[in-house]
Structure formats: structure tokens, C-alpha cells
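**Q** Take a look at this one; I'll ask things after.
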Amino acid sequence: MGLSNLKQLVDFKPSSTSATQPLSINQQCQLLSINRSGLYYTPRTNVRKDKIKSHITKVFEQIPIYGEKKVHQQLLEDGYKVSLNTVARYRQALG
């Protein structure tokens, strides 16, 4: 089971209808072998990075023969301030 699946197993508001006393969050985390602090972490998304990546994809779909330099130039013309190295890294991440 992955870490995200294990996090979903933790019951933050245990029901008191059972005959036994419910496990605390700390005890549940110990049983599942996960850190309690990791339960409250929500990753932040970089909106600017996502916009640039989607625009790179759009440019590549329109003209698939464009390389990094041409895509970089197109992004600059469309109003995105981004370096050539960043475009190369994003293209590599996009495949």
C-alpha cells in the first residue's frame, strides 16, 4: 500500500459507538508506521509553472517540429518571462 492510501486509513473522528475505546491519531499512525506530521501536509502547486507547461504543450501540439529555442521564443512573444534552460527542463519533464 502506498503512503497516500495509508493516510486515508487514519480516522480523525473515531466513532464512540464501539464498545472499546477508539484509538488516538497517534496510536493509529504508530500502527500504520507513518509520521503523524505527514497527515496534515498538503502539497502546494505552482500555478505559474503549470501555466507555462500547458502553454508549452499547446505550442508543441500546433507545431511539433519546434525545438527548445523556438518554443522559448514563442513563449516570450506570448508574454511569458521564462529562461531557455527552464523551457528545456519543462519540455524534458513533459516528455
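Just so it is clear, none of the values below were taken in a lab; they were calculated from the coordinates. This one's a predicted model, so the numbers in the text were calculated from it and none came from an experiment. Positions of Cβ are backbone-derived with ideal geometry, glycine not excepted, and every protein chain shown enters the neighbour counts.
**Q** Calculate the FRET efficiency for Asn46 and Leu3 from the Cβ-Cβ distance with a Förster distance of 25 Å, rounded to the nearest 0.05.
**A** Rounded to the nearest 0.05, the efficiency is 0.70.
**Q** Just to verify a number: FRET efficiency for Ile65 and Leu94, C-beta to C-beta distance, R0 = 22 Å, to 0.05?
**A** The computed FRET efficiency comes out at 0.85.
**Q** So if I restrict to the alpha-carbon atoms in the chain, what is the Rg, and what is Dmax, the biggest pairwise distance, in Å?
**A** Every Cα atom of the chain included, Rg and Dmax give 22.8, 68 Å.
**Q** Would you list, by chain and number, the aspartates and glutamates whose Cα falls below 19 Å from the Cα of Lys58, excluding same-chain residues fewer than 8 positions away?
**A** Straight-line reach from Lys58, under 19 Å: Asp50, Glu68, Glu77, Asp78.
**Q** Show me the chymotrypsin sites (Phe, Trp or Tyr not before Pro) within region 1-63 that DSSP assigns to loop and that have at most 15 other Cβ atoms within 10 Å of their Cβ.
**A** When the chymotrypsin sites (Phe, Trp or Tyr not before Pro) of region 1-63 are filtered for loop state and at most 15 Cβ neighbours within 10 Å, Phe12, Tyr41 remain.
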